[in-house]
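Quick note: the coordinates plus some simple rules give every number you see, no bench work behind them. Keep in mind that what you see is a predicted model, and the values were worked out from it rather than measured. Cβ: placed from backbone, ideal geometry, glycine included. Neighbour counts: every protein chain shown.
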């Protein structure tokens, strides 16, 4: 990180040295100075990854939710299932979290905290048991930093000096491409006028990186210079306005749309794309598809330092993104100036929310437990296109909302018992997300413009959703997601002629039950690219047709098969419950990613997947395969790049590097009996990362020996990271449990 090399080295020393007691290290500084970037550099440093057993990151923000902070930490600690955690009270979650961290050497980053009260609540969940655990806290408030810090004085971020400002500007504007000498004086003047604030320098540099003439540079420089005498916050806002004004016109609304999400929240990229498409915010070029266009738009905003990448998938795809809180403030201010949207973020008792004339987007961030009808009367007279709720708010009065022009309705956080039938009046609706407790038929067949349908259950594993035959006439449908979906046949009789209806635009389906995996239905969704088949064990055994019908999905690129078991693990599988898989020739030819959970097959059946010609990502989870040995045979996996093994009772894994010629990333989680990975990986020229979570010490040692072998051969590309190894020990009933799970050969 430019300007902080010495400080980063010193901070790493505080992490790994010093007292064995838990310590809090506070970092303070103004907004945009780089606190979160500094923390992220430390959080991902290789020495930190190897030193701490587990790491967690929470972003608190000014209007924080204690419960959401706890749940965010649980994602890193990896204890308890999501549906179990949702049922616990806040105090129960806090106790469970503290117990889960006990005995582990942990690092927790508490980012962007605003109050002493918030720290007091978090502190109660963090055990101090002499394991040299550390907490890194970032805040703009010096008093909060001093209050939480274990040391006398917190670390204060400084503004960059002129040399470091120029170095950062140079990196962001041109990278390795080089810098035209005639631009240097203008560039140095711009960097100087940014007053050493990294966020401003990065944003301005990204504006100029796409400008090719000296006149264009001088115009931007004049805009920055005009802000030189205002305070830092206004100056930063001015620079963001400058960046916004230089965006292509078709991208401006897409950028401002980020303001609809809660501040500092991680945003699902898939959800963002669906909403952009439903709102009609994308400008499609040539033959480019909508999703590809959305990805291009997001990439542009990331390149301009306006959007930050969050989590990535195993194969490197962006899963979540976010924006800096100063950028969020700008989005709200600019959208308010244009009367684009309205954010409800305070509790109102009995009064009305008055919307700006022509307001298009409304988002409810309020903590109010009941939104009364009087608060929404104004909505009947406005041109609202989008309404979303981002908290668990009991929204009881949907009948009062006359959203005749609504395109997006996001009520996934609201718990409805039955389907709210007033939604059927919203004929222009394109995106609908709901949570419903009671299973049954979903009467949405007259919503002709629907593109996205998401219906989730609330804590009910027996929940089922039935879709009527008219669903096949929703020709605009692109995404269909639920827990357990039942579809009727797409066949229809018209004038004594039987014909199959096709959802030509459908791209993704999740929760499809095995009984619906028929030739007729697959031909009706023949263009789907991403499919999840999910159901209970007996459904997969009784409905065998899915094994022979996948071949009709010729465009399918990602397949996820999930088997649920109603019985406990030790009493489960037997020869009678063994599932059968499709033959290699029955899989779609374009399949690139395959995820298998709970199918419980013997390892010798893995040879089926080695014959998939284009498979790049393979994820095996939750006893996907049974037995203590996996020996890779025949042709291996010639194109596989990413391999995940999670919660498998495997002891021996034998292979040579010839069987994994393209493998780049191996991720192993909670495979507690596995003590070695293939020795052939020591000869791999493609392997870049081995990531181990909740694995035994012998496996960690073996993986690091492979890394050392690579380094001895002059290859420093391979990295090995291990997390959560201290509390693990082999389960005492391993032989018996494995024998009960093992299918007959």
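With only the Cα atoms considered, region 5-156 has a convex hull volume of 104 Å³ per residue. Here the spin labels are modelled as points 7 Å beyond Cα on the Cα-Cβ line, and at residue 338 and residue 129 they lie 5.3 nm apart. According to the square roots a ≥ b ≥ c of the eigenvalues of the Cα gyration tensor, what is the shape class of region 593-641, taking rounded for a/c under 1.5, prolate for a/b larger than b/c otherwise, and oblate for the remainder? Verdict is oblate for region 593-641. Taking the DSSP beta bridges with both ends in the chain, the antiparallel portion is around 10 percent. Here each label is just a point 7 Å from Cα along the line to Cβ, and for residue 488 and residue 476 those points are 2.3 nm apart. In whole angstrom, how far apart do the alpha carbon centroids of region 650-676 and region 233-251 sit? After rounding, the separation between the Cα centres reads 48 Å.
Just rank 469, 597, fewest to most, by other beta-carbon atoms within 10 angstrom.
Working: 469 14, 597 19.
Lowest count first: 469, 597.
For the chain, the relative contact order is 7 percent, taking Cα pairs closer than 8 Å that sit 6 or more residues apart in sequence and dividing their mean separation by the residue count. Cα gyration tensor of region 592-744, axes a ≥ b ≥ c as square roots of the eigenvalues: rounded (a/c below 1.5), prolate (a/b > b/c) or oblate? Oblate, because a/c is 1.5 or more while a/b does not exceed b/c.
In the chain, the calculated helix contribution to ellipticity at 222 nm averages -8500 deg cm²/dmol per residue, counting -39,500 (n - 2.57) for every DSSP H run with n ≥ 4.
Between residue 564 and residue 188, the simple spin-label model (points 7 angstrom out along Cα→Cβ) gives 6.7 nm. Judged by the gyration tensor of its Cα atoms, with axes a ≥ b ≥ c, region 23-87 is oblate; a/c meets the 1.5 cut and b/c is at least as large as a/b.
From the largest down, region 106-231 spans 60, 33, 22 angstrom on the principal axes of its Cα atoms.
Which order, highest average first, do 318-327, 704-713 follow once you tally other Cβ atoms within 10 Å for each residue and take the mean per peptide?
Those peptides, ordered most packed to least, come out 318-327, 704-713.
Relative contact order, whole percent, for region 5-156 stands at 40, derived from Cα pairs under 8 Å and 6 or more residues apart. Legend: ranking of residues 194, 516, 125 from fewest to most surrounding C-beta atoms inside 10 Å; resulting order 125, 516, 194.
Going from the fewest other Cβ atoms within 10 Å to the most, the residues 555, 291 appear in the order 555, 291.
Working from the Cα coordinates of the chain, the gyration tensor eigenvalues give, after taking √(5λ), semi-axes of 41, 37, 27 Å in decreasing order.
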